[in-house]
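First up is the structure itself, then whatever we jot down about it.
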Amino acid sequence: DESLSVWNLDKGKMKWQLKDTGLKHIDVSPDGKTVVGTFIEYEKTEIDGKTRRHVKNRGIRAWDLSDGTQRWHVQADRQFRAAPIFYLPDGNQFFLLVDGSDKKPASLVRFHAADGSPAARLNLAGLDSVGTVGISSDGHRLAVTEFMGDALTMWNLDDGEQLMRIDVEFPMSFRTVAFSPDLDRVGGTVPGIKKDTYHIIGPGVLPLTP
(Lines give C-alpha, C1' and ligand atoms only; values in the text may rest on other atoms or scores of the structure.)
Protein backbone atom coordinates (compact mmCIF):
# COMPACT_ATOMS: atom_id res chain seq x y z
CA ASP A 1 0.00 0.00 0.00
CA GLU A 2 3.10 2.26 -0.21
CA SER A 3 2.82 3.16 3.47
CA LEU A 4 5.55 4.78 5.56
CA SER A 5 6.12 3.14 8.95
CA VAL A 6 8.55 4.15 11.70
CA TRP A 7 9.60 1.71 14.42
CA ASN A 8 11.31 1.96 17.79
CA LEU A 9 14.57 0.02 17.45
CA ASP A 10 14.80 -0.68 21.19
CA LYS A 11 11.32 -2.11 21.69
CA GLY A 12 10.38 -3.15 18.16
CA LYS A 13 7.10 -1.25 18.34
CA MET A 14 5.63 0.94 15.61
CA LYS A 15 5.73 4.64 16.49
CA TRP A 16 3.58 5.88 13.63
CA GLN A 17 2.45 5.02 10.11
CA LEU A 18 1.23 6.95 7.08
CA LYS A 19 -0.75 4.92 4.55
CA ASP A 20 -1.11 5.38 0.79
CA THR A 21 1.80 7.80 0.55
CA GLY A 22 2.75 6.80 -3.00
CA LEU A 23 6.37 6.60 -1.87
CA LYS A 24 8.93 5.07 -4.24
CA HIS A 25 12.24 5.74 -2.45
CA ILE A 26 13.15 7.17 0.96
CA ASP A 27 16.19 8.13 3.01
CA VAL A 28 16.68 9.26 6.61
CA SER A 29 18.73 12.36 7.47
CA PRO A 30 22.10 11.78 9.18
CA ASP A 31 20.81 13.36 12.40
CA GLY A 32 17.86 10.95 12.46
CA LYS A 33 15.24 13.70 12.57
CA THR A 34 13.81 13.76 9.03
CA VAL A 35 12.77 11.29 6.35
CA VAL A 36 12.49 12.36 2.71
CA GLY A 37 11.00 10.44 -0.19
CA THR A 38 9.98 10.62 -3.82
CA PHE A 39 6.32 9.82 -4.44
CA ILE A 40 3.61 9.52 -7.08
CA GLU A 41 -0.10 9.85 -6.31
CA TYR A 42 -2.73 8.50 -8.71
CA GLU A 43 -6.44 8.95 -9.10
CA LYS A 44 -8.98 6.89 -11.02
CA THR A 45 -11.45 8.29 -13.53
CA GLU A 46 -14.17 6.77 -15.70
CA ILE A 47 -13.68 7.29 -19.44
CA ASP A 48 -16.12 5.65 -21.86
CA GLY A 49 -17.15 3.20 -19.17
CA LYS A 50 -13.58 2.17 -18.42
CA THR A 51 -11.63 2.96 -15.28
CA ARG A 52 -8.34 4.64 -15.99
CA ARG A 53 -5.59 5.72 -13.66
CA HIS A 54 -3.58 8.88 -14.12
CA VAL A 55 -1.02 10.82 -12.10
CA LYS A 56 -2.56 13.36 -9.74
CA ASN A 57 0.60 14.52 -8.00
CA ARG A 58 4.32 13.71 -7.95
CA GLY A 59 7.26 15.15 -6.11
CA ILE A 60 9.29 14.97 -2.93
CA ARG A 61 8.03 15.10 0.65
CA ALA A 62 9.76 15.39 4.02
CA TRP A 63 8.36 14.29 7.39
CA ASP A 64 9.40 14.75 11.00
CA LEU A 65 10.68 11.33 12.03
CA SER A 66 9.46 11.72 15.61
CA ASP A 67 5.74 12.05 14.87
CA GLY A 68 5.14 11.90 11.08
CA THR A 69 4.32 15.60 10.70
CA GLN A 70 4.92 16.76 7.13
CA ARG A 71 7.67 19.38 6.97
CA TRP A 72 7.48 20.34 3.31
CA HIS A 73 6.31 19.17 -0.10
CA VAL A 74 7.66 20.15 -3.52
CA GLN A 75 6.51 19.25 -7.02
CA ALA A 76 9.03 17.35 -9.13
CA ASP A 77 9.57 16.82 -12.82
CA ARG A 78 8.16 13.67 -14.44
CA GLN A 79 11.60 12.12 -14.89
CA PHE A 80 12.09 12.06 -11.11
CA ARG A 81 9.14 9.71 -10.58
CA ALA A 82 11.17 6.62 -9.61
CA ALA A 83 14.53 8.21 -8.80
CA PRO A 84 16.37 6.93 -5.71
CA ILE A 85 17.04 9.61 -3.09
CA PHE A 86 20.08 10.03 -0.81
CA TYR A 87 21.19 12.44 1.89
CA LEU A 88 24.71 13.81 1.77
CA PRO A 89 26.71 13.07 4.95
CA ASP A 90 26.48 16.62 6.33
CA GLY A 91 22.67 16.52 6.09
CA ASN A 92 22.41 19.93 4.45
CA GLN A 93 21.46 18.56 1.03
CA PHE A 94 20.07 15.40 -0.54
CA PHE A 95 20.13 14.29 -4.16
CA LEU A 96 18.25 12.21 -6.71
CA LEU A 97 19.94 9.91 -9.22
CA VAL A 98 17.99 9.93 -12.48
CA ASP A 99 18.57 7.13 -14.99
CA GLY A 100 19.95 8.04 -18.37
CA SER A 101 19.28 6.60 -21.82
CA ASP A 102 20.92 6.22 -25.21
CA LYS A 103 20.04 9.86 -25.94
CA LYS A 104 21.00 11.51 -22.64
CA PRO A 105 23.22 10.69 -19.68
CA ALA A 106 22.09 10.03 -16.15
CA SER A 107 21.94 13.07 -13.91
CA LEU A 108 22.41 13.94 -10.26
CA VAL A 109 20.04 16.59 -8.91
CA ARG A 110 20.81 18.19 -5.55
CA PHE A 111 18.25 19.83 -3.25
CA HIS A 112 18.45 21.85 -0.04
CA ALA A 113 17.29 19.66 2.84
CA ALA A 114 15.67 22.53 4.75
CA ASP A 115 12.91 23.17 2.21
CA GLY A 116 13.46 20.94 -0.86
CA SER A 117 14.51 23.82 -3.11
CA PRO A 118 16.84 22.94 -6.03
CA ALA A 119 20.57 23.39 -5.44
CA ALA A 120 22.37 22.03 -8.52
CA ARG A 121 22.11 19.57 -11.39
CA LEU A 122 25.03 17.56 -12.78
CA ASN A 123 25.12 15.34 -15.86
CA LEU A 124 26.96 12.06 -15.28
CA ALA A 125 28.25 11.46 -18.79
CA GLY A 126 28.68 7.75 -19.52
CA LEU A 127 26.28 6.50 -16.83
CA ASP A 128 23.19 4.97 -18.44
CA SER A 129 21.58 3.15 -15.51
CA VAL A 130 21.68 3.20 -11.72
CA GLY A 131 21.99 0.11 -9.54
CA THR A 132 23.36 0.45 -6.00
CA VAL A 133 25.07 3.52 -4.58
CA GLY A 134 27.82 4.26 -2.06
CA ILE A 135 28.65 7.75 -0.77
CA SER A 136 32.02 8.65 0.76
CA SER A 137 31.89 9.99 4.32
CA ASP A 138 33.38 13.32 3.23
CA GLY A 139 30.52 13.83 0.76
CA HIS A 140 32.78 14.31 -2.26
CA ARG A 141 32.68 10.94 -4.04
CA LEU A 142 29.93 8.68 -5.29
CA ALA A 143 30.24 5.00 -6.26
CA VAL A 144 27.52 3.64 -8.56
CA THR A 145 26.97 0.15 -9.89
CA GLU A 146 25.15 -0.06 -13.19
CA PHE A 147 21.78 -1.81 -13.31
CA MET A 148 22.98 -5.34 -14.14
CA GLY A 149 26.16 -4.98 -12.10
CA ASP A 150 28.50 -5.09 -15.08
CA ALA A 151 30.30 -1.85 -14.17
CA LEU A 152 31.35 0.21 -11.16
CA THR A 153 31.85 3.92 -11.66
CA MET A 154 33.21 6.59 -9.33
CA TRP A 155 32.09 10.23 -9.54
CA ASN A 156 33.04 13.59 -8.10
CA LEU A 157 29.92 14.85 -6.28
CA ASP A 158 31.05 18.46 -6.62
CA ASP A 159 31.25 18.67 -10.41
CA GLY A 160 29.95 15.36 -11.84
CA GLU A 161 33.31 14.29 -13.26
CA GLN A 162 33.90 10.56 -13.65
CA LEU A 163 36.92 9.52 -11.57
CA MET A 164 37.06 5.78 -12.30
CA ARG A 165 35.30 3.01 -14.19
CA ILE A 166 35.73 -0.77 -13.87
CA ASP A 167 33.91 -3.14 -16.23
CA VAL A 168 33.42 -6.87 -15.60
CA GLU A 169 31.86 -9.72 -17.54
CA PHE A 170 29.34 -12.38 -16.50
CA PRO A 171 29.34 -14.22 -14.14
CA MET A 172 31.20 -11.51 -12.25
CA SER A 173 29.14 -8.53 -11.17
CA PHE A 174 29.03 -5.62 -8.76
CA ARG A 175 26.18 -5.55 -6.24
CA THR A 176 26.33 -3.45 -3.09
CA VAL A 177 29.24 -1.03 -2.64
CA ALA A 178 30.60 1.03 0.26
CA PHE A 179 33.63 3.18 1.03
CA SER A 180 36.16 2.24 3.69
CA PRO A 181 36.44 4.67 6.65
CA ASP A 182 39.82 5.91 5.40
CA LEU A 183 38.26 6.53 1.93
CA ASP A 184 41.13 4.68 0.23
CA ARG A 185 39.11 1.61 -0.75
CA VAL A 186 35.66 0.60 -1.89
CA GLY A 187 34.21 -2.77 -0.97
CA GLY A 188 31.04 -4.81 -0.66
CA THR A 189 29.63 -7.47 -2.95
CA VAL A 190 32.18 -6.79 -5.67
CA PRO A 191 34.05 -9.30 -7.85
CA GLY A 192 36.33 -11.47 -5.72
CA ILE A 193 38.34 -14.55 -6.72
CA LYS A 194 37.16 -16.61 -9.68
CA LYS A 195 37.01 -20.20 -8.37
CA ASP A 196 35.19 -21.75 -11.32
CA THR A 197 32.92 -20.65 -14.12
CA TYR A 198 29.88 -19.80 -11.99
CA HIS A 199 31.28 -19.17 -8.54
CA ILE A 200 32.81 -15.95 -7.27
CA ILE A 201 34.26 -15.75 -3.79
CA GLY A 202 33.44 -12.37 -2.26
CA PRO A 203 33.07 -9.83 -0.94
CA GLY A 204 35.99 -8.05 -2.48
CA VAL A 205 37.91 -4.87 -1.78
CA LEU A 206 39.17 -2.53 -4.48
CA PRO A 207 41.84 0.15 -3.94
CA LEU A 208 40.97 3.66 -5.06
CA THR A 209 43.50 5.72 -6.97
CA PRO A 210 43.55 9.53 -6.67
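Data table
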| item | result |
| --- | --- |
| Qualifying residues in the stretch 156-200 (those that are of a type in the set (Gly, Ala, Ser) and at pLDDT below 75) - the one surrounded by the most Cβ atoms within 10 Å (Cβ to Cβ) | 188 |
| Test: residue 203 is surrounded by 19 or more Cβ atoms within 10 Å (Cβ to Cβ), modelled with pLDDT under 85 and outside the structural domain of residue 84 (by TED's automatic domain parsing) | no |
| The lone exception for residue 137 - which of (1) in the same structural domain as residue 156 (by TED's automatic domain parsing); (2) surrounded by 16 or more Cβ atoms within 10 Å (Cβ to Cβ); (3) within 30 Å of residue 15 (Cα to Cα) it fails | (2) |
| So residue 119, is it under 25 Å from residue 32 (Cβ atoms), touching a Lys or Arg at 6+ places or on another chain (Cβ under 6 Å) and either in a strand (DSSP E or B) or hydroxyl-bearing (Ser, Thr, Tyr) (or both) | yes |
| Candidates 101, 117 - the one that is of a type in the set (Gly, Ala, Ser) and within 18 Å of residue 28 (Cα to Cα) | 117 |
| Residues within the stretch 46-70 that are farther than 24 Å from residue 6 by Cβ and either surrounded by 10 or more Cβ atoms within 10 Å (Cβ to Cβ) or touching a residue at least 40 places away in the same chain (Cβ under 8 Å) (or both), tallied | 3 |
| Residue list for the stretch 86-111, restricted to those being free of Cβ contacts under 8 Å to residues at least 24 places away in the same chain and loosely packed, with under 13 Cβ neighbours inside 10 Å | 103 |
| Where residue 74 falls short, out of the listed (1) surrounded by 14 or more Cβ atoms within 10 Å (Cβ to Cβ); (2) in contact (Cβ under 8 Å) with a residue 24 or more places away in the chain; (3) β-branched (Val, Ile, Thr) | (1) |
| Test: residue in the stretch 132-141 that is closer than 18 Å to residue 37 by Cβ, at pLDDT 85 or above and among the small types (Gly, Ala, Ser) | no |
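The values are calculated or read from the model by the stated rules, or taken from the named source; none is laboratory data. Only a predicted model underlies this, so the values are computations on that prediction, with no experimental measurement involved. Every residue, glycine among them, receives a Cβ derived from its backbone with ideal geometry; neighbour counts consider all protein chains shown.
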